[in-house]
1. Specify the inter-centroid distance of region 336-352 and region 126-158, based on alpha-carbon positions, in whole Å.
2. What ranking do 386-397, 137-148 get when scored by the average of other Cβ atoms within 10 Å per residue, highest first?
3. Can you return the aspartates and glutamates within cross-link range of LYS307? Criterion is Cα-Cα under 19 Å, with same-chain partners fewer than 8 residues away left out.
4. Amide H to amide H, which residues 5 or more places from ASP121 or on other chains are under 5 Å from it, using H placed in the peptide plane?
5. Pop a pseudo-label 7 angstrom from the Cα along the beta-carbon direction at both GLN199 and GLU184 and give the gap in nm to one decimal.
6. Rolling a 1.4 angstrom probe over the protein heavy atoms, how many square angstrom per residue are accessible across region 266-359?
7. What order, most packed first, do the peptides 371-380, 264-273, 117-126, 198-207 have when packing is the mean number of other Cβ atoms within 10 Å of each residue?
8. Gap in Å between the Cα centre of region 196-265 and the Cα centre of region 160-191?
Amino acid sequence: MKAGPTVALRSNKPRRQRSQPFRLRTSAYLLALALLPGCGGSSPEAQHLLLVSIDGFRWDYLQRAHTPHLDSLAAAGVRAEALIGAFPTKTYPNHYTLATGLYPENHGIVANTMFDPVLNDTFRLADRHTVRDGQWYGGEPIWVTAEKYGVKSASLFWPGTEAVIKGRRPTYWQPYDHELAPAEVVGQALTWLDLPPAQRPNFISLYFHLVDDAGHRHPDSAWVQAAVERIDSTLGLLFAGLAARGLAASTNIIITSDHGMTGVDTNRIIFLDDYVDPALLGVIDWAPALALRPATEFQDAVYSGLKGAHPQLHIYRRDEVPARYHYTSHYRIPPIIGITDLGWQVTTRARFRANPDGFTGGAHGYDPAYPDMQAIFIASGPGFKRGLLTPPLENIHLYELMCRLLGVPPAPNDGSLERVSLLLR
Ligand code: AMP
Ligand code: ZN
Ligand code: ZN
């Protein structure tokens with residue numbers, strides 16, 4: 001593995017008791033925020049916040065491509081050596097963690113593909129019916145917090161923004177469109193910023209998938225370099241558009257990502273049918289976070305058949321998952337979990353034969369402590385210090401940070417403003 005930021009497998013501060021109400025009175029909180037320098041306050045004329053996700057942007061991609069716009073944003077603001085995501089390092093769980101400050105076990109988006117035994121339904125990214133169903137989404141995402149306090153929000157796109165959560169959606173949102181070109185995403189953001197102040201959103205989330213697509217081809221490839229450079233140029237259009245509108249000085253921008261990427265190949269595959277009858281497994285999700293929901297009568301056989309069977313596959317019952325993964329408490333986490341070492345994939349021989357090429361390229365979902373799974377964090381604007389480089393930061397803290405920038409009181413979450421306050425001016 002290449003040299004990277006070394007990250008201890010550390011746990012965070014003890015979690016705030018989620019059943020306790022947020023203690024500060026809202027009005028006192030808003031007044032205190034309004035008096036703080038660098039904070040938005042709750043008026044619609046206050047500073048804007050743009051939250052930009054470049055899916056699958058590994059922390060070190062910045063050094064592998066020509067990124068003048070990202071570099072100048074970092075020079076004018078703050079950059080973390082890496083952003084550490086939550087387990088599993090997949091798109092939906094981590095975008096929703098970024099938005100809520102909650103670990104997946106506390107917000108309920110525990111995987112890209114998951115089964116809910118109460119709803120008796122399976123959530124899949126390609127299934128618009130589930131993606132838009134608010135019943136899947138726990139916690140309070142930043143756009144809901146913003147709207148609750150009268151701060152208008154807009155999204156193009158963000159996991160969860162198509163669903164009604166706690167009775168709200170962003171004021172402006174659109175169904176996820178994988179074909180929309182990056183320049184069109186930026187164009188829509190600028191169009192929203194052209195609205196009269198009373199209608200203009202103060203919080204906008206943007207999302208780009210191209211770097212993730214390229215990384216799945218292979219993280220160490222010219223495709224990644226080209227995708228990173230294309231997104232960097234697109235961000236240049238965004239920054240120029242803000243400047244042309246006189247909004248550059250009043251806009252905070254956070255550029256981040258959900259996870260990194262690692263190279264995978266057919267030499268590191270674990271075939272489950274070498275150890276257990278695949279008909280018994282009840283697979284909900286495959287590699288690298290294996291989610292198994294066997295029929296109750298087969299659970300012991302599956303567990304004992306797989307436990308210790310392969311040195312790179314770590315099998316746990318839900319209540320045995322090591323605490324540092326924060327992956328136990330939610331009832332959607334299946335009874336048996338398998339977690340592979342970096343670069344290892346799990347399948348059956350029949351699945352492999354059906355699509356051998358699908359096991360070569362790039363993958364993510366592994367333990368967030370691996371540097372390859374870590375993402376970027378760059379932020380700049382009137383709320384942020386200038387020219388600061390910080391050690392790796394955990395993504396659970398961004399919700400608190402965004403609430404502070406928008407001047408709204410945060411809902412209960414797993415993050416801590418203290419951990420990010422050093423970034424703020
Ligand atoms: P992953 O492999 O976990 O990084 O998933 C990336 C994929 O998630 C993207 O290529 C998109 O197809 C999908 N995706 C991202 N955002 C959304 C969204 N808001 N709604 C539906 N699918 C999405
Ligand atoms: Zn992703
Ligand atoms: Zn991906």
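The values are calculated or read from the model by the stated rules, or taken from the named source; none is laboratory data. It should be emphasised that the depicted structure is a prediction, and the values quoted were computed from it without experimental measurement. No Cβ is skipped: glycine too gets one built from the backbone with ideal geometry, and neighbour counts run over all protein chains shown. Ligands, DNA and RNA are excluded from the accessible area calculation, which covers all protein heavy atoms including side chains. Shrake-Rupley method; radii C 1.70, N 1.55, O 1.52, S 1.80 Å.
1. 32
2. In descending order of packing, they fall as 137-148, 386-397.
3. ASP273, ASP274, ASP277, ASP285, GLU297, ASP319, GLU320, ASP341, ASP367
4. Residues meeting the amide H criterion: ASP116.
5. Placing both labels 7 Å along Cα→Cβ, they lie 2.2 nm apart.
6. On a per-residue basis, 46 Å².
7. 371-380, 198-207, 264-273, 117-126
8. Between the Cα centre of region 160-191 and that of region 196-265, the gap is 14 Å.
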